[in-house]
Number of protein chains: 2
Amino acid sequence: MMKHISDLKVNADRLRNAWEKMATIGATPAGGVHRLALSDEDKAARDIFVAWLEDIHLEVTVDDMGNIFGKRSGKNNTLPPVLSGSHLDSAPKGGRFDGALGVLGTLEVLRTLTEKNVVTERPIIIVNWTNEEGCRFHPAMAGSGVWAGRLDKKTIYNQTDSRGKRFFDELKRIGYNGAVAAKRFPLHAYFEYHIEQGPVLENSGKVIGVPRGIVGVLWKNVFLKGLANHAGTTPMQARSDALCAAAEMILNVNELPSRMGRGMVGTVGEIHNLPNAVNVIPDNVHFSVDLRCWEEDLVERAWEKLKAEFKEIAEKRKCALEIKESMNLSRSAFSKSLCDKIIDVSRKLGYPALEMVSGAGHDAAYLSDIAPTAMIFAPSIGGQSHVESENTKWEDCEAGTNVLLHCVLASAMEK
Amino acid sequence: MMKHISDLKVNADRLRNAWEKMATIGATPAGGVHRLALSDEDKAARDIFVAWLEDIHLEVTVDDMGNIFGKRSGKNNTLPPVLSGSHLDSAPKGGRFDGALGVLGTLEVLRTLTEKNVVTERPIIIVNWTNEEGCRFHPAMAGSGVWAGRLDKKTIYNQTDSRGKRFFDELKRIGYNGAVAAKRFPLHAYFEYHIEQGPVLENSGKVIGVPRGIVGVLWKNVFLKGLANHAGTTPMQARSDALCAAAEMILNVNELPSRMGRGMVGTVGEIHNLPNAVNVIPDNVHFSVDLRCWEEDLVERAWEKLKAEFKEIAEKRKCALEIKESMNLSRSAFSKSLCDKIIDVSRKLGYPALEMVSGAGHDAAYLSDIAPTAMIFAPSIGGQSHVESENTKWEDCEAGTNVLLHCVLASAMEK
């Protein structure tokens, strides 16, 4: 029998069992998961998640973006609830922790509270946001973005994947186009527990990461149109080679951070080349640009520089250039008082905590606009993420979940 | 009634009808054809081709590489025959003329001879070679290469396409794994009629191209292995970005010809990037290199230079580098006397001819090793080839087919 609520601990074995079960859905041979948004694997993950919510008698709601909420009542259900969760979709051949840890950590928090008959002042709601990754359907964080009023639902519905499947059709197909409109409701606080996905925590030797916010993120899609022609018979000077133009641009993206400084990162992760035959000069290339920085004016300035360079390269290579923005998120500053609470709880539980910044985007970015928001990070081994080898020590997963428990509990106890 | 054999002309309308019918098989909306080797479209093209051969009572043989031969007997069938043809497969979203013109031009020659009851001294054989393009299954010119004894049949059989389908299984599936072993037989001459696929003829204003040979061709596959990681959380200096390494290499391939000179061309046509997600640093990139030059020592020297640069780039970018050769063809010199015959026939028919070099590989390359070989080129409008907009004036197609007729006829009349 628990003597005092401050002695409450999550059940690490139960957490691990749920996590291991989830990791079988979309499991890849190399130990990762491939659970793209609105795929059959995403449906299977949602189905088991909803069953788990119903097991502990949560009131389950699915909205018309497929966001899944499970509500545990408090003493006073007219008070804005505490929300906590993350996402169950993964990057292509991604890791087992990204997203799932925060959803299942919150599930374990609610299972613990239910098991111990803890009655909170406010309701607590667990959430699984739809399409956080944005890899199959752009943009990322679509479920929380629409819910928060920052993204347009119709636009998201009409997004198509690389095989031409529409977001809305896939959402309906897997049975998660709920009746309730995806729309923000008043919150007392939002917590998101997540792996760091970078090397900072591990290098510091600390166990709990407390990001003061998320860097600004800019995503662009670059389209180049050249002239396809025979690789053997077309003189070099007569070519409009779209892949060569792309290659120059990719290197410019890669070199930009060293020119701009201040922790900026720039990545080309995706490229599509047509007709993609060994003996044909490529005429259609599309690639992505991802720029991030905590100092957000720098992202914009960096992009203006890049854009001017892209234009010069395209002109020199005789290619038509088109650029479309697919995401532009300002940096998100989290709630100072919630961050302080996480640091305080960590200290009380004996876990060394580190204040930092998140280089990865999270649903918490949209939430931070409309409610006091904070995140709890667990260390990523080798800083690896979005890959099959993504890993976190189990004792660290347990530590973070205990911090989440006491943060959610403290917030939910506030009158 | 034809007064003299030298007045013989092909039937341009009949040629065009056959060509138009063939162009419906694998037709693309933008006016090209997508008829990859051993696909359903290739099967449909072969089926109609065989039916056409049977219509004029040719003796049809299919060998175990799927090469299709149609023999028209001569007076003395113990004499080595004259062979003429090309290929019916296309590049991905390729053009309607590449390959098909030479096969159907030869068909029209045989239809004309049959219609006019012309009896030749030697047999004439029409051929459709399997997998000339090499886009679905590497290497190119597989059918003629095995037939000529220059490629290993077992190796070709085990080649797989991008979806893992084996060459042999696909050959069997479409019903063209013939009983006869693909093996060279004595030839009196080999003619291949083809579009130029480059801008040289059109720029010269001439109608018939007479290549003295085909440039040397080197194909390499380059594989880079870096470290996949999160695009937002991985510091720039901690990256092993395989796509950035590939981008540097692609530019080196593109710049190499201007450093080497003497008409060399270098192309990266194909690239595969994994995991190919906007927010993941790429860890697996594979791309192709295509180097060509008439002066073949230059190709080898250029490749040695490139390889050394690739090693440096891979090391600097912390990527593992693997290189595999998929084709290495020496230049092919054609028969001087057959080239002279083509020039002579063109002059007699009133078509201006141009001596040149072929930048594109052809089945004629393997044939030139074992028999007197020559090619007849028709001009490509805008030099465009391997693309849907590939085009040749109809009067030029007719001109080339008449030249082919009289070259084949003259050779087949030789005792």
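The values are calculated or read from the model by the stated rules, or taken from the named source; none is laboratory data. Quick caveat, the model's predicted, so the values are computed rather than measured. With ideal geometry, Cβ positions are generated from the backbone for all residues, glycine too; neighbour counts draw on all protein chains shown. Side chains included, ligands, DNA and RNA excluded: accessible areas come from the protein's heavy atoms. Shrake-Rupley method; radii C 1.70, N 1.55, O 1.52, S 1.80 Å.
Taking B:V103, B:V285, B:V33 in turn, the Gaussian network model of chain B (Cα-Cα springs below 10 Å) assigns the largest fluctuation to B:V285.
Loop-located trypsin sites (Lys or Arg not before Pro) in the range B:237-325 (DSSP state other than H, G, I, E, B) with a sparse environment of at most 16 neighbouring Cβ atoms within 10 Å: B:R262, B:K318. The mean accessible area for residues of the protein assembly as shown, using a 1.4 Å probe and ignoring ligands and nucleic acids, is 36 Å² per residue. For the peptide A:237-250, the mean number of other protein chain Cβ atoms found within 10 angstrom of a residue's Cβ is 5. Per-residue packing, averaged as other Cβ atoms within 10 Å, sorts the ranges A:4-16, A:207-219 into the order A:207-219, A:4-16, beginning with the highest. Of all accessible surface on the range B:216-329 at a 1.4 Å probe, what whole percent is carbon and sulfur? Roughly 50 percent of what the probe reaches on the range B:216-329 is carbon or sulfur. Relative to its Kirkwood radius, the Cα radius of gyration of the range A:157-279 gives an Rg/Rh of 1.10. Across the range B:216-329, Cα pairs under 8 Å and at least six residues apart give a relative contact order of 46 percent.
The interface between chain B and chain A buries about 4800 Å² of solvent-accessible area in total (1.4 Å probe, ligands and nucleic acids excluded). Ranked from shortest, the separations from the 7 Å Cα-to-Cβ label point of A:Y351 to its equivalents in the other copies are 8.0 nm. For peptide A:378-385, the mean count of partner chain Cβ atoms within 10 Å of a residue's Cβ comes to 3. Placing a label point 7 Å from the Cα of B:D40 along the Cα-to-Cβ line, the residues of the range A:145-179 whose backbone N sits under 20 Å from it are A:163-165. Here the range A:72-213 is treated as a Stokes sphere of Kirkwood radius computed over C-alpha pairs; at 10 °C and 1.306 mPa s its diffusion coefficient rounds to 93 µm²/s. Using 1/(1 + (r/R0)^6) with R0 = 30 angstrom and r between the beta carbons of A:M236 and B:S204, what's the FRET efficiency to the nearest 0.05? FRET efficiency, A:M236 to B:S204: 0.95. Once Rg and the Kirkwood radius are both taken over the C-alpha atoms of the range A:18-66, their ratio Rg/Rh works out to 1.02.
Annotation: lysines with alpha-carbon distance below 19 angstrom to A:K415 (same-chain offsets under eight excluded): A:K71, A:K75, A:K341. Comment: the Cα-to-Cβ extended label point of B:D169, at 7 Å, lies 2.9 nm from its counterparts in the other copies, nearest first.
Rg then Dmax, both in Å and based on the Cα atoms of the range B:197-250: 21.9, 61. In nanometres and ascending order, the distances from the A:A181 label point to those of the other copies are 7.8 (point 7 Å from Cα along Cα→Cβ).
Among the listed pairs A:K220/B:K316; A:K165/B:K220; B:K93/B:K172; A:K225/B:K307; A:K165/A:K336, those with a Cα-Cα distance over 32 Å are A:K165/B:K220; A:K165/A:K336. Based on the Stokes-Einstein relation at 10 °C and a viscosity of 1.306 mPa s, and on the Kirkwood radius from alpha carbon pairs, the range B:268-415 is assigned a translational diffusion coefficient of 82 µm²/s. Rounded to the nearest 20, the Cβ-based charge dipole of the range B:139-260 about its Cα centre (Lys and Arg +1, Asp and Glu -1) stands at 560 debye. To put it simply, the accessible area of the range A:36-131 at a 1.4 Å probe is 46 percent carbon and sulfur.
Using a cutoff of 8 angstrom between alpha carbon atoms and counting only pairs six or more residues apart, the relative contact order for chain A works out to 23 percent.
Kindly express, to the nearest 10 degrees and within the range 0 to 90, the angle between helix B:394-413's C-alpha long axis and the longest C-alpha principal axis of chain B. Taking the Cα atoms of chain B, the angle to B:394-413 is about 60 degrees.
Can you give the alpha-carbon Rg of the protein assembly as shown over 2.2 N^0.38 Å, where N counts its residues? That works out to 1.16 for the protein assembly as shown. The alpha carbon convex hull volume per residue for the range A:323-363 rounds to 85 Å³. Each part reduced to its alpha carbon centroid, the range B:280-339 and the range A:210-235 end up 25 Å apart.
Rounded to the nearest whole angstrom, the semi-axes of the ellipsoid equivalent to the range B:216-329, taken from the Cα gyration tensor as √(5λ), stand at 29, 13, 11, largest first. Computed over the range B:101-180, relative contact order equals 16 percent, with contacts defined as Cα pairs under 8 Å that lie 6+ residues apart. Add +1 for every Lys or Arg and -1 for every Asp or Glu among the other residues with Cβ under 9 Å from the Cβ of B:C339, and state the total. Its environment carries a net charge of +1. Chain B has equivalent-ellipsoid semi-axes of 41, 22, 19 Å, by the square roots of 5 times the alpha carbon gyration tensor eigenvalues, sorted largest first. Close amide-amide hydrogen proximity is noted between B:E133 and B:M141, each under 5 Å apart and 5 or more residues distant or on a separate chain (H modeled in the peptide plane; Pro and chain starts excluded).
The angle between the Cα long axis of helix A:12-23 and the longest principal axis of the Cα atoms of chain A comes to about 30 degrees, rounded to the nearest 10. Taking a Cβ cut-off of under 13 Å around A:L321, the surrounding Lys, Arg, Asp and Glu residues balance to a net charge of +3, with basic ones at +1 and acidic ones at -1.
Rounded to the nearest 10 degrees, the inclination of helix B:336-349 to the longest alpha-carbon principal axis of chain B is 60 degrees.
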